[in-house]
Amino acid sequence: MAVSPTARPAAPGVPAVPAAPAAPAAPVTRCAARSVRRLASALLAAAALLLPAAPARAASAPAPSSASGTFQQVTGFGSNPGNLAMYTYAPAGLASGAPLVVALHGCLQSADDYHRHSGWPELADRYGFAVVFPQTGPANNPLSCFRWFDAAQASRGVGEAASVVQMVTRAGSLFGSDRQRVFVTGLSAGGGLAADLLADYPDVFAGGSVDSGLPAHCATTQAAASSCQNSDQGLTPAQWAEKVRRAHPGYTGPWPRVAVWHGTADTTVRPVNATELRDQWTEVWGIGRTPAATRSLPGGTTETRYADAAGRTAVAVYSIAGMGHGLAVAPGSGTDRCGATGPYFLDTICSGYHTALFWGLDAGGPTVPGLPAPTGLTATPTGADAVTLGWQPVSGAASYRVFRDGALVASPTGTAYTDGGLGAGTSHGYAVAAVAADGTAGARSATVTATTPGDTSPCFTTDNYHQVAAGRATQSGGLVSALGSGQAMGLWNTFTVHTLRQTGPGYYVLADGQC
């Protein structure tokens with residue numbers, strides 16, 4: 001549903017609070033006039049309470065981007081049913097066949113704001129890809145919010161979603177982009193639309209990043225938007241996944257790889273949305289909610305990865321301690337720094353840098369002349385779920401990048417790394433590249449393969465009643481969950497049978513048909 005241009009939106013990412021009724025044309029009494037003014041003031045105050053505590057947009061002039069390519073508007077990109085504007089950024093000398101990133105701004109922002117603050121142009125220069133910056137405006141929504149909550153705008157083949165995909169097609173012809181490496185990212189309302197696009201067009205987008213955003217198709221009407229933003233929807237992972245599958249019925253191809261970024265102190269789009277996004281996309285991938293790996297990153301950030309059957313990370317959640325509503329940036333000249341601060345651009349960690357690595361955008365980036373591939377790479381299984389790597393140092397290297405099965409998994413500064421959380425009895429190919437102080441990567445080493453030993457953890461097959469009685473599961477309200485992992489097992493009775501595998505003290509996972 002389109003938002004009335006006379007309405008005042010409640011917050012970045014949500015639809016408007018209806019405006020106060022207009023004064024009647026006929027003269028009114030002083031009492032009636034006071035009543036109208038009181039109603040208007042109350043409604044505007046209610047809207048203001050939902051706005052995040054950020055300075056007014058005019059309080060911070062847009063910071064100049066350090067990128068050196070061209071930012072320009074592109075017209076005539078299609079029928080444009082969503083009434084959007086298209087802007088692009090392309091590094092100088094961009095090669096044909098490079099990736100393409102679509103970056104969706106948040107409410108109270110423009111394409112130019114996102115170009116100047118988000119850090120994506122600098123990353124495009126470094127790794128060699130083009131960026132599309134779609135822009136909405138007050139004609140669509142009073143605070144320039146993308147309409148993620150409107151089924152007529154955020155569904156496959158219609159509205160703003162269709163306009164964005166038309167931009168992808170146009171950019172592909174302009175830059176010769178690799179259509180197998182198209183990605184979408186967005187903040188707040190832009191994040192909500194990014195999630196919708198991943199569900200609507202898994203045949204277009206290879207991956208996505210949802211920053212302070214919401215699950216795909218959480219709301220399909222204006223009335224439902226506020227609830228999605230502020231509260232737990234009480235849906236199971238299967239119900240969340242069904243919203244994705246219904247967006248493009250019959251789709252059987254590969255699903256996008258999804259990164260989720262959220263601050264723990266976000267009171268505009270509550271952190272429960274990150275949990276719901278995790279549940280939605282891990283269920284779509286069919287990989288469960290047991291993390292494959294967890295590590296600490298700068299800015300109080302915790303990264304939790306969820307791997308597919310081949311051990312590649314399919315979903316990653318980045319939780320930033322104490323951060324409010326906005327896009328995480330980290331101005332500076334270091335390898336892992338990017339962007340500029342401003343309203344809703346918060347100085348914590350360069351989310352764009354880590355997202356680019358998650359998507360593998362660095363794999364096709366520039367190399368450093370004279371910075372050779374590491375030699376002497378060894379890969380030794382050190383348990384049922386871990387492989388330890390070691391290699392010879394490279395002169396001039398500030399850090400290294402470790403690739404498992406072609407995907408970046410770590411960026412250590414030393415010459416050793418232990419890759420944990422792997423499946424038992426699985427084989428993985430590893431390669432390493434040296435990284436210079438300016439962040440550019442050298443050639444990768446030859447690939448070595450390691451196979452973890454077979455799984456020796458015990459399995460238990462019985463009905464749910466006896467699984468609970470044995471202390472391997474818990475029950476609440478007649479429903480049973482595996483102890484530790486919390487995976488749903490169904491009804492607490494003697495007719496529902498499951499196999500549980502013990503993977504640690506007091507920790508069990510569903511293993512039906514696997515033992």
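The values are calculated or read from the model by the stated rules, or taken from the named source; none is laboratory data. Predicted model, so just to flag it, every value in this text is computed and none were measured. Cβ: placed from backbone, ideal geometry, glycine included. Neighbour counts: every protein chain shown. The accessibility values were calculated without ligands, DNA or RNA, using every heavy atom of the protein model including side chains. Shrake-Rupley method; radii C 1.70, N 1.55, O 1.52, S 1.80 Å.
Averaging the Cα positions of each part gives two centres, and for the stretch 335-364 and the stretch 252-311 these lie 17 Å apart.
Report the calculated FRET efficiency for THR75 and THR418 (r = Cβ-Cβ distance, R0 = 60 Å), to the nearest 0.05. Walk me through the intermediate numbers first.
Numbers: r = 52 Å, r/R0 = 0.87.
That pair, THR75 with THR418, gives E of 0.70.
Close amide H partners of THR418, meaning residues 5 or more places away or on another chain with modelled amide H under 5 Å apart, are LEU389.
Using Cα centres only, tell me the gap between the stretch 376-411 and the stretch 72-135 in whole Å. Cα centroid of the stretch 376-411 versus Cα centroid of the stretch 72-135: 34 Å apart. The shape of the stretch 318-436 comes out oblate: with a ≥ b ≥ c from the C-alpha gyration tensor, a/c is at least 1.5 while a/b does not beat b/c. Using a cutoff of 8 angstrom between alpha carbon atoms and counting only pairs six or more residues apart, the relative contact order for the stretch 426-515 works out to 23 percent.
Compactness of the stretch 427-511 was expressed as the Cα radius of gyration divided by 2.2 N^0.38 Å, which yields 1.76. For the stretch 201-288, averaging the sequence separation of C-alpha pairs within contact (under 8 Å, six or more residues apart) and dividing by the residue count gives a relative contact order of 46 percent. Which of rounded, prolate or oblate describes the stretch 292-381 when judged by the alpha-carbon gyration tensor and an a/c cut-off of 1.5? In terms of gyration-tensor shape, oblate. Stretching ALA310 away from THR264 to a fully extended chain increases their span by 13.5 nm, per 0.36 nm per residue minus the current alpha-carbon distance.
The residues neighbouring ALA161, those whose beta-carbon lies less than 15 Å from its own, together hold a net charge of -1 under the Lys/Arg +1, Asp/Glu -1 convention. The label-point distance for GLN514 and THR449, in a model that sets each label 7 Å from Cα toward Cβ, rounds to 2.3 nm. Taking 0.36 nm per residue of separation and subtracting the current Cα-Cα distance, fully stretching the chain between LEU479 and SER96 would add 132.4 nm.
A simple spin-label model places pseudo-atoms 7 Å from Cα toward Cβ; at THR494 and THR375 they are separated by 6.9 nm. Taking every Cα-Cα distance in the stretch 157-295 and sorting them into 5 Å bins from zero, the calculated P(r) comes out as 2, 10, 20, 24, 21, 13, 7, 4, 0 percent.
Highest average first, the peptides 72-84, 344-356 ordered by how many other beta carbon atoms sit within 10 Å of their residues are 344-356, 72-84. Remark: the CYS459-ASP203 segment gains 88.3 nm on full extension, using 0.36 nm per residue and subtracting the alpha carbon distance.
Taking all protein chains as shown and a probe of 1.4 angstrom, ARG270 keeps an accessible surface of around 90 Å².
What separates the Cα centres of the stretch 442-470 and the stretch 182-207 is a distance of 32 Å.
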